[in-house]
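Reading through the structure tokens given below for one structure.
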Amino acid sequence: MEEIQLFNTLTRKKEPFVPLHEGFVGIYVCGPTVYGDPHLGHAKSYVSFDVVVRYLRHLGYRVRYVQNITDVGHLTDDADEGEDKMVKQSRLERLEPMEIAEKYTYRYFRDMDRLNVLRPDISPRATGYIPEQIAMVRTLIEKGHAYESDGNVYFDVTSLPDYGKLSGRTLDEAEAGGRVGVSSDKRNPADFALWKKADESHIMRWDSPWGEGFPGWHVECSAMATKYLGRTIDIHGGGLENMFPHHECEIAQCEGAFDVPFVRYWMHNNMVTLNGQKMGKSLGNAITLEEFFTGSHKLLSRAWTPEVIRFFLLQSHYRSTTDFSEKALESAESGYLNLVSILEAIHKSAGRDDSGGSDGNSKAGNGAAGGENDGQATADESFNLQKLRDSLHACMNDDFNTAKAIGVLFEQLRPLKSILQSGKSPSNITELSEFLKLFCGEVLGIWQPGETGEGGDLPFDGVMQILLDLRQSARKNKEWATADQIRNRLAELGITIEDGPGGSTYKLS
RNA sequence: GGCGACAUGGCCGAGUGGCUAGGCAGAGGUCUGCAAAACCUCGUACGGCGGUUCGAAUCCGCCUGUCGCCUCCA
């Protein structure tokens, strides 16, 4: 199997990816807290890891992808004070907390589906795993990593020598930070809650050995990840901002409880920014996906399709920030449409050419790669598919560099445009088409062959053909007024006529 | 204050010690009744100052600037 180099946040460098069990990959990605609509920042994260999963599968790994849904109300503010987010939202919308959870879980999946993000294999809800979380807390107490204090349970960070290894923080720093609340019953300000006592007003509450309460903010991931992926998992992903404290705490909980390394490779995606500022729900500058799809946001002049959003995100690396602006989206859209038109042209040409001789003679391409490429390509020449495949895989193997891969697609496919337009096609067009269907469709998820043209929408297409034929004969007779009238009136209906060398075509706008 | 990133041509955005990333926009051209679309060609950029090197945007140091985390957050 090909070797993937991936950037491991734990070691801060690229490392060859070797899963714990050959051929199998367990991956856990922190999912959303379902109390609001997903925004572009969520999309960046989940599209990024979607491609990771897709590519691993493409290489032949059997992947189990687990992504939680956080539906336990965690607190809005400080670790010890503040309000329950779910409860707050439920009051705003006058719904039950679980209605809020259901509603936004549904909307989360709806928007991810639209972005062509494959569903995780398991989407555990935190509230469905309270017993597992309690069991984990119990183990931590038994092993001396946690202590109870008046119905609350805290993790004792001093009990784990390498606490802070992911974020590079030391305990002194954490204490010196000074922003940790002066709360009370913790032995150490850096200790974090595993279980919180519920006061009377708290709606979401469960019974536990320590009284009624609710789980701390980090246990759910530890409990659910290890339940389905084992005590050591291959890849754990999430947003950069979760590195500390969330992921640091996950490590502490799992390694404290099980005494084995929790995660082999930590992957963190970078932020989406808006005017240089992080886009975040709590910052009030988030544009939700729904708003993108409908164009209903004051910063948007119009709607943007999910395909364009996905392409836009993939055009920058997952570890780079993606700075959003409508201008950037617009150029992504133009580029995307451009790429799709090449892909469609290849697809159509392959369909036409099916009978023709695709002889699988791919070695012919290697020779051509060497030097002069100014020769006129003829239909007999084959496209250098091997080179395309190799470069694309090289990009992906280098820490999932989708941005570079997209560059390669443009670069290597562009020469085909004029060839295809002239009605010729390389001899191995069918294999090329198949490969692109796989790579652009199943790996990047940015394109599936359109069902346009033959077959679909017969009555309408038939009517259009009549109009085009009439106009064509008018043009032949130089009756420009008639021809232009047809074109103009169709344009008023949102149908664009374009005259090409091979006849006219129409497009719905 | 502590920790960590990043600064690339008009815009977006990859990147490696020496060879044109790519996209968008723009310019010119071909085609065309006109329009549109297509197609072809074109841009030599890497925050500042030093250093290492035959050679650095790419390595090292310093400076400046921007951002993230340290509190819920993809």
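Inclusion of A:Glu15 among residues that are at pLDDT 95 or above, of a type outside the set (A, V, I, L, M, F, W, C) and not in a helix (DSSP H, G or I) is not warranted. Of the residues A:Gly238, A:Gly276, the single one that is crowded, with 22+ Cβ neighbours inside 10 Å, within 8 Å of RNA strand B (Cβ to nearest atom) and touching a residue at least 24 places away in the same chain (Cβ under 8 Å) is A:Gly238. Quick check on my filter: what residues within the range A:169-201 are modelled with pLDDT of 85 or more, surrounded by 13 or more Cβ atoms within 10 Å (Cβ to Cβ) and either within 8 Å of RNA strand B (Cβ to nearest atom) or assigned to a loop (DSSP other than H, G, I, E, B) (or both)? Within the range A:169-201, A:Lys186, A:Asn188, A:Pro189, A:Ala190, A:Asp191, A:Phe192, A:Ala198 meet the criteria.
When the helices (runs of 4 or more DSSP H) confined to the range A:386-503 are screened for residues that are surrounded by 12 or more Cβ atoms within 10 Å (Cβ to Cβ) and within 11 Å of RNA strand B (Cβ to nearest atom), those reaching at least 1 such residues are found at A:402-421, A:458-476, A:480-492.
A:Val117 meets the conditions (1) closer than 30 Å to A:Ala190 by Cα; (2) more than 11 Å from RNA strand B (Cβ to nearest atom); (3) of a type in the set (A, V, I, L, M, F, W, C) in every case but one. The failed one is (1).
Confirm whether A:Ser90 is small (Gly, Ala, Ser), crowded, with 23+ Cβ neighbours inside 10 Å and not in a loop (DSSP other than H, G, I, E, B). In short, no. Being crowded, with 22+ Cβ neighbours inside 10 Å, at negative phi and in contact with a Ser or Thr (Cβ under 7 Å, 6 or more places away or on another chain) is a condition met by at least one residue of the range A:14-31.
For first residues located in the range A:327-352 and among the charged types (D, E, K, R), partners that are within 12 Å of RNA strand B (Cβ to nearest atom) and modelled with pLDDT under 90 and lie 6+ apart or on another chain with Cβ distances below 9 Å form the pairs A:Lys348/A:Leu420.
Name the single residue, out of those in the range A:241-266 being away from RNA strand B (no atom under 16 Å from the Cβ) and in a helix (DSSP H, G or I), that is nearest to A:Cys30 (Cα to Cα). Looking at residues that are away from RNA strand B (no atom under 16 Å from the Cβ) and in a helix (DSSP H, G or I), I get A:Cys254. If the condition is being near RNA strand B (Cβ under 8 Å from one of its atoms) and of a type in the set (Asp, Glu), then the range A:305-323 contributes only A:Asp323.
The values are calculated or read from the model by the stated rules, or taken from the named source; none is laboratory data. Bear in mind that the values here come from a model prediction, so they are computed numbers and not experimental data. Cβ sites come from the backbone with ideal geometry, for glycine too, and all protein chains shown count toward neighbours.
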